[in-house]
Amino acid sequence: KMDMKEEEIMDYPKLIEEALLARDYAYTPYSHFKVGAALLGKSGALYRGCNVESCSYGPTNCAERTAVFKAVSEGEREFQAIAIVGGPEGEKAPLEHTAFPCGVCRQVLAEFCSMDFPVIVARSPEDYEVYTLGELLPKAFTPSSL
Ligand code: THU
């Protein structure tokens, strides 16, 4: 878990609100599990992402990667924090579920973010935990590993 100093700089509840808005657009006719992410760029720009499923299942894109790819494709490669919310279709905030990023999304975050990057997993703007990327992806293979 992160210390309070980092949290004072960024408005985590606002980022969680954005992730909840992103979740409303999740396209999930197969899993009916809706995930939203809000990624804050170093520039201050905000990138929302939701999961987008495919009838072929494999091409499904997670909310976190949607947000990262939106940002990178618009020229932003450095980030301050990501907030993630997820739960079954009918659930509204405060969510019962806590959606942690999948392994593939952790790896994609590690491409652009350092190990002290804050990952906020939330149920509502008032109810969340903050982990560092390093806690979620220890001993990571990163660009500097090559
Ligand atoms: N999902 C995400 O969007 N992010 C995660 O980190 C975990 C899984 C999505 C993928 C799929 O559309 C649904 O949740 C069920 O796995």
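Given H placed 1.01 Å from N in the peptide plane, which residues other than close sequence neighbours of Lys34 have an amide H under 5 Å from its amide H?
Gly87, Glu89
If you count the DSSP beta bridges with both ends in the stretch 50-146, what percent of them are antiparallel, to the nearest 5?
Details: 7 of 10 bridges.
Of those bridges, close to 70 percent are antiparallel.
Could you give the dipole magnitude of the chain about its Cα centre, charging the beta-carbon of Lys and Arg +1 and that of Asp and Glu -1, in debye to the nearest 20? Show your work: numbers first, answer last.
Working: 14 positive and 22 negative charges, 89 e Å.
Computed charge dipole of the chain: roughly 420 debye.
I need the phi-derived Karplus couplings for the stretch 114-122: 6.51 cos²θ - 1.76 cosθ + 1.60, θ = phi - 60°, integer Hz, Gly and Pro marked x.
3J(HN,Hα) across the stretch 114-122, in whole Hz: 7, 5, 9, 4, x, 10, 9, 9, 10.
Classify the chain: rounded, prolate or oblate, from the alpha-carbon gyration tensor (a ≥ b ≥ c, eigenvalue square roots; a/c under 1.5 rounded; otherwise prolate if a/b is larger than b/c)?
Oblate, since a/c reaches 1.5 and b/c is not below a/b.
Could you provide, to the nearest whole Å², the per residue accessible area of the stretch 17-146 with probe 1.4 Å?
Ligands and nucleic acids excluded, the result is 49 Å² per residue.
Within the accessible area of the chain, what % is carbon and sulfur when the probe is 1.4 Å and the other protein chains stay in place?
Taking all protein chains in place, the chain shows 55 percent carbon and sulfur surface.
Per residue of the chain, what 222 nm ellipticity follows from adding -39500 (n - 2.57) for every DSSP H run with n ≥ 4, rounded to the nearest 500?
Calculated from helices alone, the mean residue ellipticity at 222 nm is -8000 deg cm²/dmol.
The values are calculated or read from the model by the stated rules, or taken from the named source; none is laboratory data. Source: prediction; values computed, not measured. A quick note on method: Cβ atoms are made from the backbone with ideal geometry, for glycine too, and the neighbour counts reach across all protein chains shown. Protein only, heavy atoms only, side chains kept; ligands, DNA and RNA dropped before computing areas. Shrake-Rupley method; radii C 1.70, N 1.55, O 1.52, S 1.80 Å.
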